[in-house]
Amino acid sequence: MIAPELVRNAKSGDREALITLLREMETHVYRTAYYILGNEQDAMDASQEALIRIYTKIDSYEEKALFKTWVQRIVTNICIDKFRKAKPTISIDELEMSFTSHSNVEDEIMGDYLAKDIREAIDKLPEHHRSVVVLRYMQDFSYHEIAESLNLPLNTVKSYLFRARQQLQTLLQEYQKGGVRG
C-alpha cells in the first residue's frame, strides 16, 4: 500500500519522495504491462514509458481517485496504444520450460501448457475485455477500481467481465478439443 503522505510529498516536488514512489510502483506497473501485452520486451518498454509519464505528470494527479488507480489508468492506456500499433510477439523466454528436480515433470509441463493456453486465450479477447480481465484476475482490482481506472461505468465493467469469461471458456474448450490456434 502506497502511503498517502509519500504521494503528497512527491506531488509537492520532493524529488526523493517521487523516486521512492516510482520504485514502489515499478513492479506493479511492469506486471500490468506484461499481463496486457504478453511480451517481456514490450512490457518493459511500456513500464518505462509509464514511469516517465508518472514522473512528469505527478503534479496533475488529483486526489479524487486512489493513486494506484491513477497509475493503472496511465499504464493501461500506454499498453492499449502499444497493442494497437504493433501485433503482439511471443518472447523466447515464454517458450522455455524450466524443470526442477523436486517436481513432477509431467504436472509441470501440463501446467505450462495450461498457462500458455490461458495467455493465448486472453490475447484473443478484444482489448476492452482483455483490460478488465487483467485488472480483475491478475491485478486483483475490485469492480469499482476497474471502472475508475478505465473510466467506464460499473455496469459496463460487469458486462465486459461476463462476456470475457464466456469467450475465455469457449476458447479454452476449443483448445482442449485440439482446435486451431493463432
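The values are calculated or read from the model by the stated rules, or taken from the named source; none is laboratory data. What you see is a predicted model; the values in this text were computed from it and never measured. Using ideal geometry, Cβ is built from the backbone for each residue, glycine included, and neighbour counts are taken over all protein chains shown.
Looking at E62, is it surrounded by fewer than 21 Cβ atoms within 10 Å (Cβ to Cβ), acidic (D, E) and within 21 Å of L152 (Cβ to Cβ)? Yes; evaluated as a whole, the condition is true for this residue.
For segment 157-179, which positions are basic (K, R) and either in contact with a Pro (Cβ under 7 Å, 6 or more places away or on another chain) or surrounded by 11 or more Cβ atoms within 10 Å (Cβ to Cβ) (or both)?
In the first step, residues of segment 157-179 are kept if they are basic (K, R); the result is 158, 163, 165, 177.
Result: K158, R163, R165.
If you check A43, A65 for being within 24 Å of V133 (Cα to Cα), assigned to a loop (DSSP other than H, G, I, E, B) and not assigned by TED's automatic domain parsing to the domain that holds D140, only one passes: A65.
Quick one: how many residues across segment 131-171 are among the charged types (D, E, K, R) and more than 22 Å from A65 (Cβ to Cβ)?
Of segment 131-171, the ones among the charged types (D, E, K, R) are 136, 140, 145, 148, 158, 163, 165.
The next check asks that each one be more than 22 Å from A65 (Cβ to Cβ); those that pass are 163, 165.
Count: 2.
One line per residue, one yes/no per condition, for (1) under 16 Å from Q72 (Cβ atoms); (2) in the same structural domain as V75 (by TED's automatic domain parsing); (3) in contact (Cβ under 8 Å) with a residue 60 or more places away in the chain; (4) out of contact with any strand residue (DSSP E or B) (no Cβ under 8 Å at 6 or more places or on another chain):
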| position | (1), (2), (3), (4) |
| --- | --- |
| R119 | no, no, yes, yes |
| D123 | no, no, yes, yes |
| H129 | no, no, no, yes |
| S142 | yes, no, no, yes |
| P153 | no, no, no, yes |
| Q166 | no, no, no, yes |
| Q169 | no, no, no, yes |
| Q173 | no, no, no, yes |
| Q176 | no, no, no, yes |
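If I filter segment 93-139 down to residues being of a type in the set (A, V, I, L, M), in a helix (DSSP H, G or I) and exposed (fewer than 14 other Cβ atoms within 10 Å of the Cβ), which single residue comes out as modelled with the lowest pLDDT? First the steps, then the outcome.
Initially, segment 93-139 is screened for residues of a type in the set (A, V, I, L, M), giving 95, 97, 105, 109-110, 114-115, 118, 121-122, 125, 132-135, 138.
With the extra rule that they be in a helix (DSSP H, G or I), the set shrinks to 95, 105, 109-110, 114-115, 118, 121-122, 132-135, 138.
Subset that is exposed (fewer than 14 other Cβ atoms within 10 Å of the Cβ): 95, 105, 109-110, 114-115.
Working: L95: 43, V105: 50, I109: 54, M110: 52, L114: 62, A115: 67.
Checked segment 93-139; the qualifying residue modelled with the lowest pLDDT is L95.
Looking across segment 29-40, just one residue is modelled with pLDDT of 90 or more and either closer than 11 Å to M138 by Cα or surrounded by 23 or more Cβ atoms within 10 Å (Cβ to Cβ) (or both), and that is V29.
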